[in-house]
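Each remark here refers to the structure printed beneath this line.
The values are calculated or read from the model by the stated rules, or taken from the named source; none is laboratory data. Being a predicted model, the structure only gives us computed values, none of them experimental. Every residue, glycine as well, gets a Cβ built from its backbone with ideal geometry; the counts of neighbours run over all protein chains shown.
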Amino acid sequence: MSEIVTTQLPVMESFYTIQGEGYHQGRAAYFIRLGGCDVGCVWCDVKDSWDAAKHPLHDIGTIVAGAAQYPGRIAIITGGEPLMHDCTPLTGALHEAGFQTHIETSGAHPVSGKWDWICLSPKKFKAPLPEILPLANELKVVIYNKTDFQWAEKFAAEVSPNCKLFLQPEWSKSGQVTPLIIDYIKDNPQWEFSLQLHKYIHVP
């Protein structure tokens with residue numbers, strides 16, 4: 001029996017904007033936010049993405065055609081948790097259309113798809129699978145309280161030596177934790193600061 005290939009994915013939203021976080025901050029990118037997440041971060045700012053059944057299924061060809069309307073050629077697959085889905089057909093179609101494929105993931109599900117950039121943002125609510133850690137190009141840890149620094153170092157020790165390391169304040173507590181992050185990075189310069197630029201310049 002031949003394997004069934006998923007040609008539709010639940011899309012919560014898609015939009016062309018500026019990447020606001022991490023290593024590629026400031027670059028034009030087309031975001032594809034897939035529905036479905038079982039990680040359940042209490043401070044998630046897109047909780048509407050959690051139930052995949054709430055979001056319409058889109059053909060992969062339609063998704064890629066939407067991205068191709070814009071001049072930027074970075075496609076960022078996010079969620080929700082995009083690796084709840086088989087991303088192989090989507091990344092294949094995006095590559096054929098000339099896109100670089102980036103993913104933002106908690107790493108809590110097996111990796112599917114071919115990625116030019118993997119941003120791993122581990123969450124305490126559901127730990128990343130060990131096999132994704134050496135694949136990450138970027139480790140982005142959200143800092144909510146002081147204990148998160150030690151937790152971040154746990155994963156920094158398991159990613160590849162070339163992985164970029166970022167600490168990012170949780171938005172609702174940025175006033176309290178930003179000074180802590182600054183001091184931590186000054187003492188541990190292997191880390192960099194990730195600011196949610198899009199929230200300051202008011203873009204999606």
(request) For residues that are part of a helix (DSSP H, G or I) and β-branched (Val, Ile, Thr), scanning just the stretch 182-204, find the one that is nearest to Lys154 (Cα to Cα). (result) Ile185
(message) Testing Pro128 on (1) in a helix (DSSP H, G or I); (2) within 19 Å of Gln168 (Cα to Cα), one condition comes back false. Which one is that?
(response) (1)
(request) Would you point out which residue out of Ser112, Ser121 is crowded, with 17+ Cβ neighbours inside 10 Å, more than 17 Å from Phe166 (Cβ to Cβ), at pLDDT 95 or above and of a type in the set (Ser, Thr, Tyr)? (result) Ser112
(request) Can you tell me which residue within the stretch 29-69, out of those that are surrounded by 19 or more Cβ atoms within 10 Å (Cβ to Cβ) and hydroxyl-bearing (Ser, Thr, Tyr), is modelled with the highest pLDDT? (result) Tyr30
(request) Considering only the stretch 19-51, state which residues are of a type in the set (Lys, Arg) and in contact with a strand residue (DSSP E or B) (Cβ under 7 Å, 6 or more places away or on another chain). (result) Arg27, Arg33
(request) Taking only the stretch 129-142 into account, find how many residues are without any contact (Cβ under 8 Å) to a residue 40 or more places away in the chain and surrounded by fewer than 21 Cβ atoms within 10 Å (Cβ to Cβ). (result) 6
